[in-house]
């Protein structure tokens, strides 16, 4: 009891209480300031540590020293009769009351005005400054319901923390993509604004939105701190802001994203349907490690190289081991397998494994939109059955109306079906949601080129090159534009060679462009330069002996060409026995037997190539062109002309210029029937 009384007399309790209250206020002030300047997380942690260390030191000083009229003295040196400790205690009481009043005022403001940490604010549609009234919010039009979420700041040098912030950013965009009454810019287009110095109005103008979301993530041990604010691009005022302090769990991550999505919708006066509400509240997994592996797999799925696909499958399999009930992970596994099947692995077992993954996901959550995307790709990439793929892509795009990649996938399916106007509309819709990505404009230009709408195609390519000037896929499409529109084979050759690393189809174009220029040495070098993995395309199997033999044949070097073509014929007929009914093999044999002058076999293989080719409006004209070239090599003038005329009448794909320059037709150019055909289809003079 004596110790207690002595502690009380020396004001140790009062000093401790005052220090604790002041320390709490200091931390709140530091938290606000550090969030606004996006300081690293360790700065706040250092302040907390210093305050914690200071607490026992202050208590020791209160015990050992006393404030006197002459200044600070050791307590043992102070005469008890002259001590002013009671007066100092009364001053400390008043100070404590003041500090407690400030603390309670801040707590009340944070709780009832600005919203408690971790809870959605009840004033989400108001600005922090109080300038944006409810009437002004009500006046926001449908056109104003557009938002771009900038990459989140992360206050850590740890690469894993950076990845964590990117995963949260991607997930929030996925949530917002479900709200049909909003326009939400895709992740691809906002990535360039990471660490940007551009002002909010400038960013909004470039992205075509009226509001911007900024946020920051801080991960510290078992806790996560996340702050976000919605900013009006015109006034630079806050429409909504919130800070979330939570335990770091998968459930809390999904809760935060759902609360933010709902708060943004409220601030923008957007209406959520019951289905959208339910979708936003859906938690994908309760396992944080599984979520992290899922996010890594997502980043890999956006690339198309073999290594990324394999890494993505490793990550998604890990996610499913950690949480077998992770339906979205089953969907992503299916997509990765189908990607693999489409681009480089034609083993049906890969396609079947994708179907098993889809069914596993359906058993868990049959209405998950991501599973519709996967099943759409199953029929698209797995079977090239576009009619079956379309309903799934349409359902997915309805459930995820702000997902640019889903609209682009739907456009690809529509294009393969020959539904040109709806395909173009879907591409334009994807472009509106992803304005800083050149892919939508580039694909739009490619499609318009196929439809012979060359002026529109030029405009699309110009837009694509404003974003990324030297993108190789765009260059390859522009190469085709120059060939098909005006027969500019020099530009076609130059751009095709610049873009030859894109894929096997473009490498075939570069070889073909050398042939169009009668530069047979360059064509032979093109074949030599190719890597082994680039010699097979999905629709046309080719080998070096085959292409070398055809190059010698086109150059008039029959003796050099014949043994190569005979070897190629034997190889492909053996391959046909192993893969009966394979249209890419028939397509190659159509050329090879044509080059050997074997008319009956050429007619057989060319016809079989056309009969077994997939029903693909986007490629059908090229199937006809190649069959016509094979027949021309064998001397079947009439058969070749009939296919070429049908192709030209269709108004899609090759124009008259490839026929003018392809050496496969050189052997029949002097034939009167072919001469008349070329005359009737000659291009109009510019």
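The numbers here are math on the coordinates, done by the rules we state, and not lab data. Keep in mind that what you see is a predicted model, and the values were worked out from it rather than measured. Counting neighbours? That spans all protein chains shown, and the Cβs are built from the backbone with ideal geometry, glycine included.
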If a/c stays under 1.5 just call it rounded; otherwise compare a/b with b/c (prolate if a/b is bigger, oblate if not). Do that for the range 431-552, with a ≥ b ≥ c from the square roots of the Cα gyration tensor eigenvalues. prolate
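Residue 468 to residue 355: extension gain in nm, 0.36 nm per residue of separation minus the Cα-Cα distance? Don't jump to the answer; show the numbers that get you there.
Numbers: separation 113, 0.36 × 113 = 40.68 nm, distance 3.66 nm.
This chain segment gains 37.0 nm when fully extended.
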Within 10 Å of each residue's Cβ, count the other Cβ atoms and sort 217, 406 from fewest upward. 217, 406
Taking the Cα centroid of the range 249-281 and of the range 289-329, what is the distance between the two, rounded to the nearest whole Å? 25
Testing the spin-label approximation: label points 7 Å from Cα along Cα→Cβ at residue 612 and residue 27. State their distance in nm. 7.3
Gyration tensor verdict on the range 311-467 (Cα atoms; rounded if a/c is under 1.5, prolate if a/b is larger than b/c, oblate otherwise): prolate
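Among bridges DSSP assigns within the range 144-248, what percent are antiparallel (round to 5)?
75
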Expressed in nanometres to one decimal, the distance between label points 7 Å along Cα→Cβ at residue 681 and residue 302 is 4.3
Give the average over all directions of the projected area of the C-alpha convex hull of the range 536-680, one decimal, in nm². 8.1
Taking square-rooted eigenvalues a ≥ b ≥ c of the alpha carbon gyration tensor, is the range 134-280 rounded, prolate or oblate, where a/c under 1.5 means rounded and, failing that, a/b exceeding b/c means prolate? oblate
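Can you sort 315, 676, 578, 573 from fewest to most other Cβ atoms within 10 Å of each residue's own Cβ?
On the way: 315 24, 676 11, 578 8, 573 15.
Taking fewest neighbouring Cβ atoms as first place, the list is 578, 676, 573, 315.
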Give the distance, in whole Å, between the Cα centre of the range 380-435 and the Cα centre of the range 601-660. 28
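Given R₀ = 56 Å, what would the calculated FRET efficiency be for residue 558 paired with residue 181, taking r from the Cβ atoms and rounding to 0.05? Mind dumping the intermediate values first?
Values: r = 68 Å, r/R0 = 1.22.
Efficiency, from the Cβ-Cβ distance: 0.25.
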So how do 152, 520 line up by other beta-carbon neighbours within 10 Å, fewest first? 520, 152
Extending each Cα 7 Å along its Cβ direction at residue 59 and residue 488, get the distance between those two points in nm, one decimal. 8.2
